[in-house]
Amino acid sequence: MAIGDSRTLLELNVHDALSEVNDNITDIQRPLPGESFRDTALRTMGRDVFLTSVNALSQTGEMVNIDGTGNRVAASLFGSQEVFFVLGINKITPDLASAIYRARNVAAPLNSKKNKKSSLNPCAKLEEKCYDCGSPDRICNALTIYYKKMRNMQTMEIIIINESLGF
Ligand code: SF4
């Protein structure tokens, strides 16, 4: 099992809860001692189960994720047999356009604030909205729209928690 980068899963303390029944979890937030980000990210791919979240879920059925390095969306799209997206109701939007808007102008600026380098991005320093920046630490390099379960994947499931979680 692997856990992708997700504030929602962190807030739910999913890693510790699952560790009680599974001692083989790869978590992008918990690299092995001395391990590079790339090596941890590669270990999250191709696992039987992958857990992550999304930046927005539209009431018309699409999910939207923005990614800076690509490891989170890559692992959610291919390699795992079962992928679970866990999200709070704060991420639900009326339609695809508002889901994309939320991902770019709500989730991405808040994510930019998370670490030292990306907190210098204009969305993190100025008003919380996207400036379509050219920052070297831009966190929005790909936008993924999930329409349906990926072909050949056993399960792609959405778990909605009835509270506000993550970005
Ligand atoms: S493109 Fe740049 S300004 Fe826009 S949300 Fe992403 S990091 Fe922030």
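Some observations on this one:
- Residue within segment 68-78 that is surrounded by fewer than 22 Cβ atoms within 10 Å (Cβ to Cβ), touching a helix residue (DSSP H, G or I) at 6+ places or on another chain (Cβ under 6 Å) and within 28 Å of N22 (Cβ to Cβ) present: yes
- Number of the exception - A99 against (1) of a type in the set (G, A, S); (2) within 16 Å of the ligand (Cβ to nearest atom); (3) under 19 Å from T60 (Cα atoms); (4) loosely packed, with under 14 Cβ neighbours inside 10 Å: (4)
- You will find that of N141, N115, the residue that is modelled with pLDDT under 95 and within 19 Å of the chain's Cα centre (by Cα) is N115 and no other.
- Pairs meeting the criteria (first residue in segment 126-144 and under 19 Å from A56 (Cα atoms) and among the β-branched types (V, I, T), second residue more than 6 Å from the ligand (Cβ to nearest atom) and part of a loop (DSSP other than H, G, I, E, B), beta carbons under 8 Å, at least 6 apart or on different chains) are I139/G68.
- Of the criteria (1) closer than 22 Å to C130 by Cα; (2) outside any strand (DSSP E or B), which one N65 fails: (2)
- Residue check for C133: buried (at least 20 other Cβ atoms within 10 Å of the Cβ), outside any helix (DSSP H, G or I) and near the ligand (Cβ under 10 Å from one of its atoms): no
- Candidates L143, L87, L110, L126, filtered to the one that is within 18 Å of L9 (Cα to Cα) and within 16 Å of the ligand (Cβ to nearest atom): L110
- For the criterion of being of a type in the set (S, T, N, Q) and farther than 17 Å from A142 by Cβ, T52 fails.
- Qualifying residue in segment 114-122 (condition: surrounded by 14 or more Cβ atoms within 10 Å (Cβ to Cβ), near the ligand (Cβ under 9 Å from one of its atoms), in contact (Cβ under 8 Å) with a residue 12 or more places away in the chain and in a loop (DSSP other than H, G, I, E, B)): yes
The values are calculated or read from the model by the stated rules, or taken from the named source; none is laboratory data. Since this is a predicted model, take the numbers as computed values, not measurements. Note: ideal-geometry Cβ built from the backbone for every residue, glycine included; neighbour counts use all protein chains shown.
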